[in-house]
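Read the structure below first, then the notes.
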């Protein structure tokens, strides 16, 4: 039977870069919820395995590298942000656009990243 933990203590002073960890923790509005979310994401992606297992860590690092080097993903994020900034202007342009362009603008799924791994249960 697995251990049923109620609390877990983390000695940050023994970490390689405790200042970076503290900066991340300080940026969280709720540390417990943020850490819980990270565990849930990892369970969803890899299951209940030792994350430092060589195969699991290789898969995680490969995934992170792919996400960082995806120029298309960065371009989509910039376009998505620009679409929020230009929303009133686009509405007036939409009235003057041909019908084919209206259909494309009505596609609500066009801005969704199909490779996103974050889901809520």
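Sorted by mean Cβ packing within 10 Å, highest first, what order do the peptides 40-46, 30-36 take?
Per-residue Cβ counts within 10 Å, averaged per peptide and sorted highest first, yield 40-46, 30-36.
So between residue 22 and residue 51, what do we pick up on full extension, going 0.36 nm a residue minus the alpha carbon distance?
Details: separation 29, 0.36 × 29 = 10.44 nm, distance 2.13 nm.
In short, 8.3 nm is gained.
Test of understanding: ordering 54, 21 by Cβ neighbours within 10 Å, fewest first, what list do you get?
Working: 54 8, 21 13.
Fewest-to-most Cβ neighbours within 10 Å comes out as 54, 21.
All of the numbers you see were taken from the coordinates with simple rules; none came from a lab. None of the values given here were measured: they were computed from a predicted structure. Heads up, the Cβs are rebuilt from the backbone with ideal geometry, glycines too, and the neighbour counts pull from every protein chain shown.
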